[in-house]
1. Which FRET efficiency, nearest 0.05, do VAL248 and SER84 yield, Cβ-Cβ r, R0 25 Å?
2. Considering only the other residues whose Cβ falls under 9 Å of the Cβ of VAL119, what net charge follows from Lys and Arg at +1 and Asp and Glu at -1?
3. Taking 0.36 nm per residue of sequence separation and subtracting the Cα-Cα distance, how much length would be gained by fully extending the chain between THR261 and ASP96, in nm to one decimal?
4. Under a 1.4 angstrom probe, counting protein chains only, how are SER188, SER84 ranked by accessible area, largest first?
5. Once R0 is set to 30 Å, what does the formula 1/(1 + (r/R0)^6) return for the Cβ-Cβ distance between ASP121 and ASP154, expressed as a FRET efficiency to the nearest 0.05?
6. Between GLU42 and LYS65, what length comes free when the chain is fully extended (0.36 nm per residue of separation minus the Cα-Cα distance, one decimal in nm)?
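The values are calculated or read from the model by the stated rules, or taken from the named source; none is laboratory data. Here the structure is a predicted model, which is why all the values come from computation and not from measurement. Quick reminder, even Gly has a Cβ in these numbers, built from the backbone with ideal geometry, and neighbours come from all protein chains shown. Note: accessible area is taken over every heavy atom of the protein model, side chains too, but ligands, DNA and RNA are not part of it. Shrake-Rupley method; radii C 1.70, N 1.55, O 1.52, S 1.80 Å.
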Amino acid sequence: MIVPVRLALLLALLLGAATRAEAAPSRTKRDRPVAVTVNPAEPLPEIHVAPDVPTVLLFPADIQKKTITVEQSRIRVVDTGARSIIVQAAPDYRADEQQELEVFFADGGAPARAAFVLVMDPAEVDTRIDVKRPEPPNAACPAETQRAEPRPEDFVLLGYVDASGVPTTTFDGAPDEAQGLKSQPGVSYRGHGWVLMDVTIRNLPGLPPWTPRDATLTGKGGVTLRARLVAAPKGEIAPGERARVLVVVDTLPPSAGLVFTLEVRGVDGRSVVIPRVTLPTAALEGKR
């Protein structure tokens, strides 16, 4: 019986694939811990990847998924989680190839970055990497720990600023004699997915010290946004004194609008209300 040409070709392809699979070296799969480098001068730790086996990296703290950097034509990011990244090498990944993978931690602690070199080893492949984050040399006690000085590139790498820039607008202050507080004119900033209001608040003379505690923004239709409050380092505002307060909203719903009432409450129950805080229009919207 004569085998049809198409069937013969299919059999040949299957036979060739089976032959290549038998000829391919069998790699030992392993799980292991890998510590990120603390000193920038140290070589990056190696992780062994393969085209046919995914590698999962598990981190000890939340990561900024927007900061994951890798050549995705060579290393495919299969999945990401709050504390995990799954990667897999391209089918034609070369034995002599090296690709770097980096990501920033979300808590701002040190070391801030986790970076690795991804290579292919003929004998083994890493299926699970437990990332270790060692303390930096001569680390200060927790009470003495200071935040690293921010750099311009951090804002871009962390996704706070994109090509649209940071539009700003101003808003009027508001006195509140009944509460014994007064806000001065402020500035609103808008970045990639966040807004920030910068305002100075004065505690009027003859009243107890006032310490800002929390803040909310109330928009059209009664929508209320919880905000983070960043007060002056001293926290407490003495009678007759003033302090700068930053109000941050990390996620702004598209339907929230641009005009809000801002309320900053203190620990003693007194609050200052700014009835009309205008947020900047997003840069891309302004170009339409």
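1. So the FRET efficiency works out to roughly 0.40.
2. -4
3. 53.4 nm
4. I get SER84, SER188, largest accessible area first.
5. 0.35
6. 5.9 nm
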